[in-house]
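Presented below is the structure to which this report refers.
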Amino acid sequence: MIKALSDFEIKAPLIDVIFSIKDNLISLGIDYEDEFLNIPVDSDFSIKNLRKSKEDYEKVLKVISVLLDNNSNKQKDSKAK
């Protein structure tokens, strides 16, 4: 899990990544600079923002995959007992 989370590189436009486990609820949040989040109205759209979003989304999917694999392994272990 730590490896999957460390794949996020905290540099502009990414401000931070929040990962929380509380009361059997897992939350993952990604925070970007305002300029990155706002859709340009009076300037051109930058495809690099879309690429960055896709890269980070793939990292989120990797975190989810790690969680699901871990849960699957726990279920197998409990059935084996």
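We did not get these values from a lab; they are worked out from the coordinates using the rules stated. Only a predicted model underlies this, so the values are computations on that prediction, with no experimental measurement involved. Here the Cβ positions follow ideal geometry from the backbone for every residue, glycine too, while neighbour counts run over all protein chains shown.
At a glance:
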quantity	calculated
In region 1-22, residue nearest to residue 71 (Cα to Cα) [restricted to those that are assigned to a strand (DSSP E or B) and within 16 Å of the chain's Cα centre (by Cα)]	21
All positions within region 23-47 that are loosely packed, with under 10 Cβ neighbours inside 10 Å and in a helix (DSSP H, G or I)	34, 47
Near pairs, Cβ below 8 angstrom, 6+ apart or cross-chain, from region 53-74 (under 21 Å from residue 39 (Cα atoms) and touching a residue at least 24 places away in the same chain (Cβ under 8 Å)) to any residue that is surrounded by 11 or more Cβ atoms within 10 Å (Cβ to Cβ) and not hydroxyl-bearing (Ser, Thr, Tyr)	56/8; 56/14; 56/30
